[in-house]
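The values are calculated or read from the model by the stated rules, or taken from the named source; none is laboratory data. As the structure is a computational prediction, the values presented were derived from the model and not from experiment. Ideal geometry is used to build each Cβ from the backbone, glycine not excepted, and the neighbour counts take in all protein chains shown. Just the protein is used for accessible areas: all its heavy atoms, side chains included, with ligands, DNA and RNA removed. Shrake-Rupley method; radii C 1.70, N 1.55, O 1.52, S 1.80 Å.
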Amino acid sequence: MKTPFYGHERQYHNMKKEIDAAIASVLDSGQYVLGPQVKKFEEELAQYFGCKIALGLNSGTDALWLPLMALEIGAGDEVITTSNTFFATVEAIWIAGAKVVFADSRRDTNNIDPSLIEARITPKTKALMPVHLYGQPAEMDRIWAIAKKHNLAVIEDNAQSIDSRGKDFKLMDGSDAMGTSFIIQKNLGCFGDGGALVTNREDIFRRCEALRNHGSYKRSHHSFGFNSRLDSIHAAVLSVKLKHITEWSDRRIEVAGMYTKGLKDSGLKLPTVLPGYRHVFHLYVIETPQRDDMLKFLNDAGVDAKSHYPIAIHKQQGFPWGKDVDWNFRLTNTEANAAECMSLPMFPEIRQDEIDYTIEKCVEFCRKNKRTGD
Ligand SMILES: Cc1ncc(COP(=O)(O)O)c(C=O)c1O
């Protein structure tokens, strides 16, 4: 039996009529770039997040570095983030020209550990960029308190966790901006690449609005800029899909509950959800020291499990350390997670037999490979 990791085409077929009509309306309109569908989706997204403004962009990566640039954070500045993330988070800081500074993650949630942030602050620190990893928010209440104390900007990387919530906060309650990604595999995905930033700050919005379109504002170019426009077709699709996000997140949480129940005696390290948090399970990540063997076993059995992310960013060849490479630099928790993490198939349209089969194969591997002393 085959269990896929994603179910993009199932989702499309479930809502084909709505999606096809939305795409046809863009084609009929003749306005394909920054058209009315983009404006409409931006308004809906801002309202959804309870923020003043949303700006459609062509990727989640751009939604992180454009606000840094808008805040004039660049060469000579430092931005603190986590190494337990997708590469794009640090690329965004690097593209803006600032130095990437890491604080280690928590061993349980794998999100940045707020208690380790202050030790990394220097007079050059200008911003914090926490990531809401796998679907669970970082502890933003603690992070906002640190930012306030040290007068730092906060830009949230929310590429993976739309529709999540903290215990006593919602995303963006105390941040300057937040970037999100709509690449197809995300919880809210378009049929290609897309992203958006949301903010309550008019200055960040105005600057990013110009930067996304060659520095232009009301037909005159105020600065150099870039092409980071969200296409109207993607915006129209996203407007349709946004209406379903809560129902899809609820289903992800339900699937996660089944995995957790089925694997509770397996000896695997299962996801930790902080009390009161809404973890929307972009990824259901389990951990085992036998990760590579287990991944092969599952893949051979037709379960398309994957690993997010098997090499921590500070250990990646492509990480731009510059001349002062410190290869002894350690982020113990991030590295432990990288060595052991594995993601099970997770998407709202996954079928019951696929969930059962995935659990059965995980349990089978654990039984056959029970280590002495476990
Ligand atoms: C945590 C994180 N940050 C940033 C990004 C970048 O988003 P995009 O691929 O849309 O540029 C992604 C996903 O790809 C991500 O998972």
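Conditions: (1) at pLDDT below 95; (2) surrounded by 14 or more Cβ atoms within 10 Å (Cβ to Cβ); (3) within 30 Å of Ala210 (Cβ to Cβ). Pro320 meets all but one. Number of the miss?
(2)
Would you mind telling me which numbered condition in (1) in contact with a Cys (Cβ under 9 Å, 6 or more places away or on another chain); (2) within 14 Å of the ligand (Cβ to nearest atom) Ala138 fails?
All conditions are met except number (1).
For the list (1) away from the ligand (no atom under 16 Å from the Cβ); (2) of a type outside the set (A, V, I, L, M, F, W, C); (3) open to solvent by 40 Å² or more (accessible area, probe 1.4 Å); (4) within 23 Å of Gly189 (Cα to Cα), I need the number of the one condition that His8 fails.
All conditions pass for His8, except number (1).
Return the pair list, or none, for Cβ contacts closer than 7 Å from residues in region 118-143 that are farther than 17 Å from Asp104 by Cα to residues that are of a type in the set (Asp, Glu) and assigned to a loop (DSSP other than H, G, I, E, B), at least 6 apart or on different chains.
Between residues of region 118-143 that are farther than 17 Å from Asp104 by Cα and residues that are of a type in the set (Asp, Glu) and assigned to a loop (DSSP other than H, G, I, E, B), the close pairs are Lys124/Asp77; Lys126/Asp77; Asp141/Asp168.
Applying the selection to region 173-191, what residues are open to solvent by 10 Å² or more (accessible area, probe 1.4 Å) and within 10 Å of the ligand (Cβ to nearest atom)?
Selection gives Ser181, Ile183, Ile184, Gln185, Lys186.
Tally up the residues in region 205-239 that are among the charged types (D, E, K, R) and farther than 16 Å from Pro36 by Cα, please. Before you say what the answer is, go through the steps one by one.
Quick first cut of region 205-239, residues among the charged types (D, E, K, R) only: 206-207, 209, 212, 218-219, 229, 231.
Applying the additional criterion that residues be farther than 16 Å from Pro36 by Cα yields 206-207, 212, 218-219.
Looking only at that region, the number is 5.
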